[in-house]
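The values are calculated or read from the model by the stated rules, or taken from the named source; none is laboratory data. Worth saying up front: this structure is predicted, and the values here are computed from it rather than measured. Methodologically, a virtual Cβ is constructed for each residue, glycine included, from the backbone with ideal geometry; neighbour enumeration extends over all protein chains shown.
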Amino acid sequence: MDRGDTLTSRLARPWSGRSLNPDLPFGPSHCLLSEVEGAAPRDLEHTVLLNGSVRGQSRKLLLHPYPKRQSATSPAREGFPVRLRSGQEPSTASEVFAQEMLRRMNEVLARIQELEEALDDPANLWSRLRAAWKRAEDEKDPRMAEIVRQSRELRQPLRDLERRIRRVLRRHRELTPLDRVQEMDRASMRWLSRQPGRTIAERAGAGQRILATVRKENYDTLENRVLHAYTRLAADVAREWMREHPRAKGSTRYSDVEAFRKTCRELSRTLQEHGVAVAPAGITPNYVLMQDKGYRVVREAWELLLRREKVIDDLWAWQAQTWTDFAALAIVLAIDELEEAELIAQSPILWRSEAVVGRWFDQDRPLAVFWLRETGRIVEVQSRPENPGSLLTLARAHVSLKITDPSRGELPRRVAVWTPHAAERIDLSTSLEETKILLEQLQQVAANEILRNGLIITPAHERPEAAAAKGRRVRVDGVALDASGASLGQGLEALRAFARSGIYGDAV
């Protein structure tokens with residue numbers, strides 16, 4: 001525990017009964033969580049996941065970002081993989097680890113971004129999202145990505161630009177044969193006046209050459225530098241996309257991206273041969289970049305890919321936040337598939353133009369409300385509740401299901417949902433046993449609601465798993481899944497089985 005203005009406990013898992021040694025840093029196997037009583041330290045890198053109170057004492061659950069380097073301070077973090085930049089090929093075990101982590105992050109991001117497309121039709125939001133996620137179970141049919149779109153829309157503009165690469169005539173001074181001199185400037189005439197001789201022919205010397213102004217073609221213009229920068233970046237992003245979708249080699253999208261990458265590489269070599277430099281990010285566009293249709297399209301596509309790099313930096317640090325949103329959406333889809341479930345309310349979802357601490361959308365609480373006609377219960381899916389109550393605060397669960405029976409005056413029931421995320425795979429069986437013990441301890445806490453069930457949703461790292469642990473009047477289910485392929489299908493089926501279980505009844 002760190003002592004100062006507040007009391008801080010660093011946690012390996014949200015359900016941990018014991019805090020980590022304050023002298024040791026967080027590692028890749030940890031979930032990067034802290035719990036503070038009172039206000040969080042100012043110099044601590046964090047975002048608040050849960051803000052509750054226990055017996056009148058404020059208690060916050062904090063999430064710390066993955067470091068952008070192998071180590072970081074405040075809090076101390078060491079041994080983490082460093083995100084590979086576009087175009088960088090993994091060559092060490094650490095870089096392969098980072099590449100796999102980046103691939104999983106992009107898969108989760110793809111599922112979250114499919115929510116934006118589904119929001120175009122709010123009345124059919126969940127059915128459209130379900131259909132999109134169903135398609136994601138087939139890895140041979142990868143979803144649309146920015147580089148896929150550009151491979152289709154920019155292939156022809158790039159070919160047109162290759163045939164008419166813009167060049168300018170620039171003046172240079174050089175020794176020129178007398179019969180080819182067309183222009184002289186003041187400096188050339190001064191040079192000529194200093195040469196020995198009475199006539200121009202005598203001053204031209206034995207070689208009959210004088211210093212004159214000549215015009216030569218030059219391709220190193222700002223618009224061509226942007227074109228060069230774009231082709232290099234697009235080729236790197238295309239290679240990264242192809243590396244992440246090896247099972248899609250027979251698909252049209254894979255072929256489009258592969259052909260586009262070859263086009264970009266060939267054009268990049270041509271520009272390099274012409275001596276064109278690479279434009280840095282943040283240049284001020286000139287007239288050609290704004291008015292010429294071909295160059296304008298390239299500039300806009302380049303800026304989109306540059307923003308993508310910035311977004312990925314932020315998402316890399318806050319992957320756990322994106323995973324929580326993915327897990328909450330998966331729960332809603334699982335309950336929505338129940339035959340007796342009727343969606344009676346859903347919060348307005350505000351999509352952001354850019355992710356903020358790993359979050360792409362904001363929503364009111366709860367995320368969705370269902371009426372179970374046969375069971376006679378109302379089920380609310382809550383994510384990051386504003387008033388979590390003492391039980392959820394003690395459980396450190398920032399996602400939950402709230403189950404109430406409107407026909408009775410009984411206490412509402414909670415299902416705590418943990419969405420742990422770590423750089424390394426979390427052992428599900430060990431986690432179930434630890435959370436079972438925590439739930440048993442919480443049965444002794446007096447509260448105005450009941451908490452006997454729990455659910456863990458964690459990344460599978462290509463090893464999907466579903467399990468459960470029962471204790472004295474408590475039960476915890478666990479699902480490990482990925483965000484694409486067969487692992488996504490198996491994980492969603494496990495969540496459907498959980499939704500169909502007896503968690504909504506009176507007894508556990």
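Couple of notes before you dig in:
Residue by residue, here is whether (1) of a type in the set (A, V, I, L, M); (2) modelled with pLDDT under 85; (3) not in a strand (DSSP E or B) holds:
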site: Ser16; (1), (2), (3): no, no, yes
site: Ser19; (1), (2), (3): no, no, yes
site: Pro41; (1), (2), (3): no, yes, yes
site: Leu44; (1), (2), (3): yes, no, yes
site: Leu49; (1), (2), (3): yes, no, no
site: Ser53; (1), (2), (3): no, no, no
site: Ser58; (1), (2), (3): no, no, no
site: Arg83; (1), (2), (3): no, no, yes
site: Gln99; (1), (2), (3): no, no, yes
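Here's the yes/no breakdown for (1) modelled with pLDDT of 80 or more; (2) surrounded by fewer than 18 Cβ atoms within 10 Å (Cβ to Cβ):
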| site | (1), (2) |
| --- | --- |
| Leu158 | yes, no |
| Glu162 | yes, yes |
| Arg170 | no, yes |
| Glu174 | no, yes |
| Arg180 | no, yes |
| Pro196 | yes, yes |
| Ala204 | no, no |
| Lys216 | no, yes |
| Asp220 | yes, yes |
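- Of all residues in the stretch 109-119, at least one satisfies being basic (Lys, Arg) and buried (at least 20 other Cβ atoms within 10 Å of the Cβ).
- Residue check, Glu337 of a type in the set (D, E, K, R) and over 30 Å from Glu78 (Cα atoms): yes
- The set of residues in the stretch 39-72 that are among the polar types (S, T, N, Q) and under 18 Å from Asp313 (Cα atoms) comprises Thr47, Gln70, Ser71.
- Among the residues of the stretch 191-250, none is identified as over 40 Å from the mean Cα position of the chain (by Cα) and under 18 Å from Gln99 (Cα atoms).
- Residues located in the stretch 389-415, provided they are under 15 Å from Asn453 (Cα atoms), modelled with pLDDT of 90 or more and over 32 Å from the mean Cα position of the chain (by Cα): Ile403, Thr404, Pro412, Arg413
- Residue match in the stretch 68-78 (condition: under 20 Å from the mean Cα position of the chain (by Cα), part of a loop (DSSP other than H, G, I, E, B) and among the hydrophobic types (A, V, I, L, M, F, W, C)): no
- One residue from Ala93, Ala145, Ala131 being more than 18 Å from the chain's Cα centre (by Cα) and either surrounded by 19 or more Cβ atoms within 10 Å (Cβ to Cβ) or farther than 21 Å from Glu462 by Cα (or both): Ala131
- Residues in the stretch 397-409 that are buried (at least 22 other Cβ atoms within 10 Å of the Cβ) and part of a loop (DSSP other than H, G, I, E, B): Ala397, His398.
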